[in-house]
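Below you'll find the structure, written out as structure tokens, and then a few comments.
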Amino acid sequence: MSATETITATLARVEATDAKVNAFTNVLTERALARAALVDSGDITGPLAGVPFAVKNLFDIEGLPTLAGSKIEREAAPAGRDAFLVRQLEAAGAVLVGALNMDEYAYGFTTENSHYGPTRNPHDLARISGGSSGGSAAAVAAGQVPLTLGSDTNGSIRVPASLCGVFGLKPTFGRLSRAGSYPFVSSLDHLGPFARSVAELTAAYDALQGPDADDPAQSPRQVNLCSSLVSRGADGLRIGILGGWFQQMALQPALRAVELAAKALGASQMVEWPEVDRARTAAFLITNAEGASLHLPDLKTRAHDFEPLSRDRFLAGALLPAAWVNQSHRVRYWFARRVAESFAHVDVVLAPATPCTAPVIGTEWLDIAGMKLPARASMGLLTQPVSCIGLPVVSAPIWGTDPEAPHLPIGIQIIAAPWREDLCLRVAHALQAAGVSHAAIAKEL
């Protein structure tokens with residue numbers, strides 16, 4: 001197919017399915033077709049030439065206001081140029097087709113957005129897609145586009161990837177530039193891709209890398225291209241299984257997913273990280289305080305224009321004592337040192353990505369570890385401790401582990417030491433090659 005035919009078919013798929021899924025907030029028909037024509041003429045080339053992609057609507061897109069899932073940002077001036085990562089994908093030949101729904105200001109795990117409506121899980125439209133990058137995961141799972149971009153502060157790539165059954169990569173903190181994206185928590189924000197396969201995920205990751213002086217958090221560390229490495233698989237890697245918190249706070253379908261992956265990889269070594277609950281609490285408090293600080297002017301003057309749930313959390317964050325936040329950063333750095341010690345004995349560790357498969361939209365409570373926990377906050381129980389210390393993670397989908405809902409996927413986290421995205425991708429590739437992990441386009445659409 002020509003690029004024009006591919007993009008035309010992509011736009012038709014979005015039009016045919018998005019009334020059900022509600023993944024897109026903007027579709028860029030004219031821009032996409034014009035760029036496809038340049039690919040077909042040979043004026044645009046690259047390893048992703050003609051590949052359609054879409055981005056979470058916190059990425060700047062030239063000519064559009066950057067919504068970040070909010071009502072307030074509709075009034076913002078249109079972006080003057082595309083975000084750095086959008087430009088990187090387009091430099092590799094990819095074609096941007098639209099912007100995607102999310103939780104307001106990225107503060108949520110469900111994409112139940114009251115301004116733009118909930119994004120629905122393509123595998124069961126009564127269920128959440130996860131969040132805050134719910135539109136990004138759902139668009140891939142619905143077969144609308146093969147590649148999307150999202151953000152991950154506390155789990156916002158890994159949670160929706162898990163619930164929608166696609167591959168997602170949260171790189172090391174500082175690996176990819178965040179310039180041109182609406183911030184949430186500067187000390188925790190990551191950007192990364194979703195895809196249908198490990199090969200596509202890896203190709204996108206390679207294209208996204210590059211130095212950018214506009215993000216002061218970006219590391220000058222040498223680019224780590226992975227396309228030539230993933231085919232090595234997991235041979236020779238020391239793979240552990242995270243116990244403790246990561247077992248206690250997961251329901252049986254999540255534990256079963258890790259068991260299946262571990263068996264396929266020949267992994268049996270258990271690894272314990274200390275004080276994981278404290279690390280999660282630290283992430284929670286840092287998020288609350290930094291997010292509130294960013295939005296304090298609007299909270300003072302137009303609180304009624306926020307979603308009620310995000311507004312109340314931001315207001316609570318504005319009242320946190322500074323001593324609590326400072327202590328949270330101390331806990332975070334202490335935890336990072338202890339976790340680093342564990343990677344002297346293993347190369348990669350496995351853990352569930354979410355405590356359960358996708359709940360029904362509107363679910364308020366979950367029963368986990370004998371406790372009744374708030375559903376929306378608890379979808380990040382297993383991802384927040386990892387985000388807190390900036391480790392690279394691939395979420396890989398496993399299917400059929402929930403006997404009550406065998407059509408639903410759930411993800412596992414493949415976690416490595418900083419800057420070793422290549423190891424995460426190699427293990428994900430091995431699981432896919434073994435038939436244990438794969439993404440699937442939703443059948444009912």
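Given the condition buried (at least 24 other Cβ atoms within 10 Å of the Cβ), more than 17 Å from the chain's Cα centre (by Cα) and at negative phi, answer yes or no: does some residue in region 149-166 qualify? Talk me through it step by step, then tell me what you get.
Residues of region 149-166 that are buried (at least 24 other Cβ atoms within 10 Å of the Cβ), as a first pass: 149-166.
If we keep only those that are more than 17 Å from the chain's Cα centre (by Cα) too, we end up with none.
No, region 149-166 has no match at all.
Only one residue in VAL346, VAL331, VAL360 is surrounded by fewer than 22 Cβ atoms within 10 Å (Cβ to Cβ) and in contact with a Gly (Cβ under 6 Å, 6 or more places away or on another chain). Which one?
VAL346
State all residues of region 83-112 that are within 20 Å of the chain's Cα centre (by Cα), within 30 Å of ALA36 (Cβ to Cβ) and not hydrophobic (A, V, I, L, M, F, W, C); if no residue qualifies, say none.
ARG87, GLN88, GLY98, ASN101, THR111
Return the residues of region 327-370 that are touching a helix residue (DSSP H, G or I) at 6+ places or on another chain (Cβ under 7 Å) and without any contact (Cβ under 8 Å) to a residue 24 or more places away in the chain; say none if nothing qualifies.
Correct list: GLU364, TRP365, LEU366.
Does LEU147 count as in contact (Cβ under 8 Å) with a residue 60 or more places away in the chain and more than 22 Å from GLU444 (Cβ to Cβ)?
Judged against the criteria, LEU147 is a match.
Output the residue which, of all residues in region 298-328 that are in a helix (DSSP H, G or I) and of a type in the set (Lys, Arg), is farthest from the chain's Cα centre (by Cα).
LYS300
Taking the stated definitions as given, is ALA79 more than 12 Å from VAL97 (Cα to Cα) and touching a residue at least 60 places away in the same chain (Cβ under 8 Å)?
yes
For the condition in a helix (DSSP H, G or I), small (Gly, Ala, Ser) and either modelled with pLDDT under 95 or surrounded by 20 or more Cβ atoms within 10 Å (Cβ to Cβ) (or both), what is the one hit in ALA430, ALA439?
Exactly one of ALA430, ALA439 is in a helix (DSSP H, G or I), small (Gly, Ala, Ser) and either modelled with pLDDT under 95 or surrounded by 20 or more Cβ atoms within 10 Å (Cβ to Cβ) (or both), namely ALA430.
How many residues, within region 72-129, are aliphatic (A, V, I, L, M) and surrounded by fewer than 22 Cβ atoms within 10 Å (Cβ to Cβ)?
Applying the first criterion (aliphatic (A, V, I, L, M)) to region 72-129 yields 72, 76-77, 79, 83, 85-86, 89, 91-92, 94-97, 99-100, 102, 106, 125-126, 128.
Now drop any that are not surrounded by fewer than 22 Cβ atoms within 10 Å (Cβ to Cβ), which leaves 72, 76-77, 79, 91-92, 125-126.
Residues in region 72-129 being aliphatic (A, V, I, L, M) and surrounded by fewer than 22 Cβ atoms within 10 Å (Cβ to Cβ): 8 in total.
Would you tally the residues in region 358-388 being within 16 Å of the chain's Cα centre (by Cα) and either part of a loop (DSSP other than H, G, I, E, B) or aromatic (Phe, Trp, Tyr) (or both)?
Of the residues in region 358-388, 7 are within 16 Å of the chain's Cα centre (by Cα) and either part of a loop (DSSP other than H, G, I, E, B) or aromatic (Phe, Trp, Tyr) (or both).
Can you report the number of residues in region 30-55 which are among the polar types (S, T, N, Q) and touching a residue at least 40 places away in the same chain (Cβ under 8 Å)?
Count: 1.
Look at ASP18 and say whether it is touching a Ser or Thr at 6+ places or on another chain (Cβ under 7 Å) and in contact (Cβ under 8 Å) with a residue 24 or more places away in the chain. I'd like the intermediate steps shown before the answer.
Working: touching a Ser or Thr at 6+ places or on another chain (Cβ under 7 Å): no; in contact (Cβ under 8 Å) with a residue 24 or more places away in the chain: yes.
The answer is no for ASP18.
Cβ-Cβ below 6 Å, separation at least six or inter-chain, first residue in region 415-430 and at negative phi and of a type in the set (Lys, Arg), second crowded, with 20+ Cβ neighbours inside 10 Å and part of a helix (DSSP H, G or I): which pairs?
ARG426/VAL230
Exactly one of (1) in contact (Cβ under 8 Å) with a residue 40 or more places away in the chain; (2) in a helix (DSSP H, G or I); (3) over 23 Å from the mean Cα position of the chain (by Cα) is unmet by THR281. Its number?
Among (1) in contact (Cβ under 8 Å) with a residue 40 or more places away in the chain; (2) in a helix (DSSP H, G or I); (3) over 23 Å from the mean Cα position of the chain (by Cα), the lone unmet condition for THR281 is (3).
Please go through (1) free of Cβ contacts under 8 Å to residues at least 60 places away in the same chain; (2) of a type outside the set (A, V, I, L, M, F, W, C); (3) farther than 20 Å from ALA161 by Cα for GLY435 and return the number of the only condition it doesn't satisfy.
(3)
Can you tell me which of MET371, MET379 is within 14 Å of ALA250 (Cβ to Cβ), surrounded by 18 or more Cβ atoms within 10 Å (Cβ to Cβ) and not basic (Lys, Arg)?
Values: MET371 fails: surrounded by 18 or more Cβ atoms within 10 Å (Cβ to Cβ).
Sole residue among the options that is within 14 Å of ALA250 (Cβ to Cβ), surrounded by 18 or more Cβ atoms within 10 Å (Cβ to Cβ) and not basic (Lys, Arg): MET379.
The values are calculated or read from the model by the stated rules, or taken from the named source; none is laboratory data. In this text, all values refer to a predicted model and were calculated from it rather than measured experimentally. A quick note on method: Cβ atoms are made from the backbone with ideal geometry, for glycine too, and the neighbour counts reach across all protein chains shown.
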